[in-house]
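Below: the structure, in C-alpha cells.
The values are calculated or read from the model by the stated rules, or taken from the named source; none is laboratory data. Since the model is a prediction, treat every value here as computed from it, not as a measurement. Because the Cβ atoms are built from the backbone with ideal geometry, glycine has one as well, and the counts that use them run over all protein chains shown.
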Amino acid sequence: PSLFQTHVYPLLDDHCSDCHQSDANTPQGPYLAADDVNEAYIAARSKIDLNSPELSRLVERLGEDSHNCWSDDCDSDAQAMENAIRAMADAIIPTAPDSDLVLSKSLNVDDGTLAAGGGRYESNIIARYEFKTGEGLTAFDSSGVDPAIHLQFNGDVTWEGGWGIRLNNGKAQGSTATSKKLSDMIRATGELTLEAWLVPASTGQDDAHIISYSAGPDARNLTLAQSGSNYQVLQRIGEATDGNGEPALDTADDPLQASLQHVAVTFDPVNGRQIYINGVRNGATDPVTPALLNTWDDTFALVLGNEASSDRPWEGVIRFAAIHNRALTEAQIRTNFDAGVGERYFLPFYIGHLIDQPGAYVVFEVSRFDNFSYLFAAPYFINLEQDIVSDEVPLAGLRLGINGQVPDVAQAFATLDTQIGGDGYSEQGETLSRLGTLLPVEQGQDNDEFFLTFERLGSHTHVHTEPQPLPLTPNEYGEQPLAGLRNFAEINATMSILTRVPEGYGDVPDTYQRLRTQLPSEENIEAFLTAHQVGVAQLAIEYCNALVEAERTNDAAIPPLFVGLNYNAGANTITPQQWRDWVISPLFERMVGNGQADQPARADVEGELEQLLFDTNLTQCSSDCVERTATAAKAACAAMLGSATMLMQ
C-alpha cells in the first residue's frame, strides 16, 4: 500500500477522483481514487499487473480505450500510468523461500501436464459443453454433431476459473432451430442420457431448473431440476406423463450437496428413468411405466440455469454438460465420473536432487477450484527413470508453498509420515494421500509459482515451527445477551417433544429436510432473520397438523393433547369457555408451563390465542363447520408452538 501511495495513487487522485470515489457527484466503481488510500488500493489491486505493468487494466483503459485521458495524448497518459506501476513493481523485493527449508524445484501450473480427460465414453454424444472459452457471451457446443446448439448468456452469468460457468439468476439458452436436433436424434433411438458436473450454490433451492429442454414452466421434453436436497427429473414419456413431464422422478436420501457432483440421468423404454450421483445409481424408483418418446415437441429450446420463460432460476456452477441419444450403462457412467472434469494438470515437483534419485518426483493433480483458489489433490511419488525403486526413503511433513512463502493454513499433508520406495512402490508410482487442499490465487494462474517443503526427506531435515496463536482480544461487541436461539436441530427436537409427534412421523421429516436451511443455524439472536421465522412457522404447522390428525384418527402412537375436544362437532357449537379449557389452557400448560424464573405472563399468552380464535372469527362458520374445528385447533397449536417461547433459550 505504501508503494501504491507513492507511485500510482497520485495519478489516480489527480485525474480520476471526480468519478472513482464514493462521494463523487456521479460516483463510478471501482473507487480506486478514494480519499482513503487503503480503500483506493484495495479497489485498484485487480487493475494492476506488477509482473507486466503494460498489461495493467489502468494502462489499457487509457491507451486502448481512451478512457477519460487527462491530456490530448492518451498514449502519453497510458505511458505515465505504466511508468508509475513499473516504479511500484521495481521497488518490491521478491520473496525468497527460507534457505533452511528442504525444497523441491518450483513450478507454475502451466508447467504441468494437462489432463486431457481421456477415457470418457462419448460414442453417442449429441451435445457437449466444456466451457473452455472463458470469455464472451457464448458457451459453444463442442460435440461435433450439427447443428451445434451454441448457448447465449442472458442475465447474471459469469465464467468460472478452470472451465465452467456460474449462474446467479441468469441462463444460457440455445435457439429452438438448433435445439431441434435433440428431439430428432433422441426420438430416433428412444433413449437418452443427460450428464453434468454441478456445484449447487445451496441445498435450499426449490423448483430450480438446472438443465431444461422446454418451452416454459408448464411444457417440457426433459428437465433436471433441484428440489431442496434432492435432484428431480421431469420428462415427457408417451401418454404416461403429462406435457410438463409429470409425475416427476425424485432422488432418494437427499444426495444433493453444495459441492462438486457428477449427475447422470438415463432413460430407455425398458428400464425407464434412472439417476446416478458420482457414478452410483440412486435408490429412487420411477413412478412412471416406461414408454416411447413419440410425444416430444421439436419446437422447444435447450436452457441451462433456468427456464426459457426465466421464472425457474437455479444458482450454482456448471462445469460440464452433455446429452447422449443412448442410455449409458452404469459402467460407462462410472467411467465418465472417474475421468473427472475441468482444466486439470499433473504437476510434477522434482525431488531427485534431495534423495539421490534422478527422475524422482512428487506429483499433484492441480485444478482451479473456483476463481479464487487452486485445488491440490492426491499426491503420489514416482520415478520416471526407474521401474523399480528398491530403497525406502523417509518422507514426513509435506507442505505446499506459493510465491516464495509457506502459508500457515491449507497444509492438509503436514501430518504425512511414510516411507517412499521399497515394497510399496509400483510402475504406476506410490500414492501418498487421497486428500486435497486449497491454495489462494495470488497473482493469477500465469504467474503463481508453487513448491514443496518437507520436515524430512531422505537425509534432509527441517523442524517446522507452528506459528504462535494470536493473543485473545477483548470482545469488541461488548456484553452479549444471555438469551439465544435454538438452532435447526434443536427446534425440530423441541417441537417433537412438545407435541409428542415423533421426528420421523408422517410428512414431518420431509418438511424438516426441506426447511432445514431456512431455520436458524446458530444461537446468536442478532443473526435472526425474517426468513427464519417463516421456516419456524411452517415447521410448527406441520407438527400441529400431524398432532391434530393423529387425534382425529385415534392414533395411539401420539398421546392426545386436546383431551375433550370433539372433532366431529362444528366449531360454532363449541363455546368460548370450552375452547379455553380444551385447547388454550392445554397449549399453555404443555408449551409454556408454570413457575419458570422468566416466562411470558399466562394472561397475555392466552389472550393472544383467544384473539386468534374468537376475534378473527376462526371458530365461526356457516358451512363445513366440522372441518373448521380441526383447522382452529391446528392454528392455535402452530401459533403457540412457533412462538418465541419455543425458539428462545
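Restricting attention to the stretch 277-288, and to residues there that are surrounded by fewer than 18 Cβ atoms within 10 Å (Cβ to Cβ) and polar (S, T, N, Q), which single residue is modelled with the lowest pLDDT?
Only one residue tops the list, namely T285.
When Q274 is evaluated against the numbered criteria (1) under 17 Å from G238 (Cβ atoms); (2) modelled with pLDDT of 95 or more; (3) out of contact with any Phe, Trp or Tyr (no Cβ under 6 Å at 6 or more places or on another chain), which criterion, by number, is the only one it fails?
(1)
How do the strands (runs of 3 or more DSSP E) wholly within the stretch 404-479 filter down when requiring 3 or more residues that are surrounded by 15 or more Cβ atoms within 10 Å (Cβ to Cβ) and touching a Lys or Arg at 6+ places or on another chain (Cβ under 9 Å): which remain?
449-454
Might you check whether a residue that is surrounded by fewer than 15 Cβ atoms within 10 Å (Cβ to Cβ) and either part of a strand (DSSP E or B) or at negative phi (or both) occurs anywhere in the stretch 379-386?
yes
Restricting the search to the stretch 213-227, which residues are outside any strand (DSSP E or B) and more than 25 Å from the chain's Cα centre (by Cα)?
Scanning the stretch 213-227 gives a single hit, D218.
Any idea which of R273, R236 is of a type in the set (D, E, K, R) and in contact with a Gly (Cβ under 6 Å, 6 or more places away or on another chain)?
Only one candidate passes the filter, namely R236.
Results for (1) more than 20 Å from A537 (Cα to Cα); (2) among the hydroxyl-bearing types (S, T, Y), shown as yes or no for each residue.
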residue: L613; (1), (2): no, no
residue: T616; (1), (2): no, yes
residue: D624; (1), (2): yes, no
residue: A636; (1), (2): no, no
residue: A639; (1), (2): no, no
residue: S643; (1), (2): no, yes
residue: M646; (1), (2): no, no
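Hey, N568 hits all of (1) closer than 30 Å to N487 by Cβ; (2) not in a helix (DSSP H, G or I) but one; which does it fall short on?
(1)
Name the pairs: first residue in the stretch 303-325 and closer than 24 Å to F369 by Cα and assigned by TED's automatic domain parsing to the domain that holds T223, second residue among the acidic types (D, E) and in a strand (DSSP E or B), Cβ to Cβ under 6 Å, at least 6 apart or on different chains?
Listed by first residue and then by second, the contacts come to A322/E195.
Considering each of A597, A550, A556 in turn, give the residue that is assigned by TED's automatic domain parsing to the domain that holds L618, of a type in the set (G, A, S) and surrounded by 14 or more Cβ atoms within 10 Å (Cβ to Cβ).
It is A550.
Take the conditions aromatic (F, W, Y) and in contact with a Pro (Cβ under 6 Å, 6 or more places away or on another chain) and apply them to Y41. Does it pass?
yes
When you scan the stretch 131-147, do you find a residue that is closer than 30 Å to H464 by Cβ and small (G, A, S), even just one?
The answer is no; no qualifying residue exists.
Among the residues of the stretch 33-51, is there at least one that is surrounded by fewer than 19 Cβ atoms within 10 Å (Cβ to Cβ), touching a strand residue (DSSP E or B) at 6+ places or on another chain (Cβ under 9 Å) and in contact (Cβ under 8 Å) with a residue 12 or more places away in the chain?
no
Could you please find all residues in the stretch 147-190 being farther than 20 Å from I237 by Cα, more than 25 Å from the chain's Cα centre (by Cα) and either among the hydroxyl-bearing types (S, T, Y) or modelled with pLDDT under 95 (or both)?
S175, T176, T178
As an exercise: evaluate N108 against (1) farther than 24 Å from P407 by Cα; (2) at pLDDT 90 or above and give the number of the one condition it does not meet.
(1) is the only condition that N108 fails.
Given the conditions (1) under 21 Å from H20 (Cβ atoms); (2) touching a residue at least 24 places away in the same chain (Cβ under 8 Å); (3) crowded, with 19+ Cβ neighbours inside 10 Å; (4) of a type outside the set (D, E, K, R), and given that G112 satisfies all but one, which numbered condition is not satisfied?
If we test G112 against (1) under 21 Å from H20 (Cβ atoms); (2) touching a residue at least 24 places away in the same chain (Cβ under 8 Å); (3) crowded, with 19+ Cβ neighbours inside 10 Å; (4) of a type outside the set (D, E, K, R), just (1) comes out false.
Only one of P509, P520 is buried (at least 18 other Cβ atoms within 10 Å of the Cβ) and assigned by TED's automatic domain parsing to the domain that holds F588; which?
Residue meeting the stated conditions: P520.
For the stretch 177-204, enumerate the residues that are of a type outside the set (G, A, S) and either in a loop (DSSP other than H, G, I, E, B) or surrounded by fewer than 17 Cβ atoms within 10 Å (Cβ to Cβ) (or both).
Matches in the stretch 177-204: D184, T189, E191, T203.
Quick check on the stretch 79-100. Is at least one of its residues surrounded by 15 or more Cβ atoms within 10 Å (Cβ to Cβ), touching a residue at least 60 places away in the same chain (Cβ under 8 Å) and not aliphatic (A, V, I, L, M)?
yes
Residue-wise test of (1) modelled with pLDDT under 90; (2) surrounded by 17 or more Cβ atoms within 10 Å (Cβ to Cβ); (3) farther than 30 Å from Y345 by Cα; (4) touching an Asp or Glu at 6+ places or on another chain (Cβ under 6 Å).
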residue	(1), (2), (3), (4)
H7	no, yes, yes, no
S17	yes, yes, yes, no
S22	yes, no, yes, no
D75	no, no, yes, no
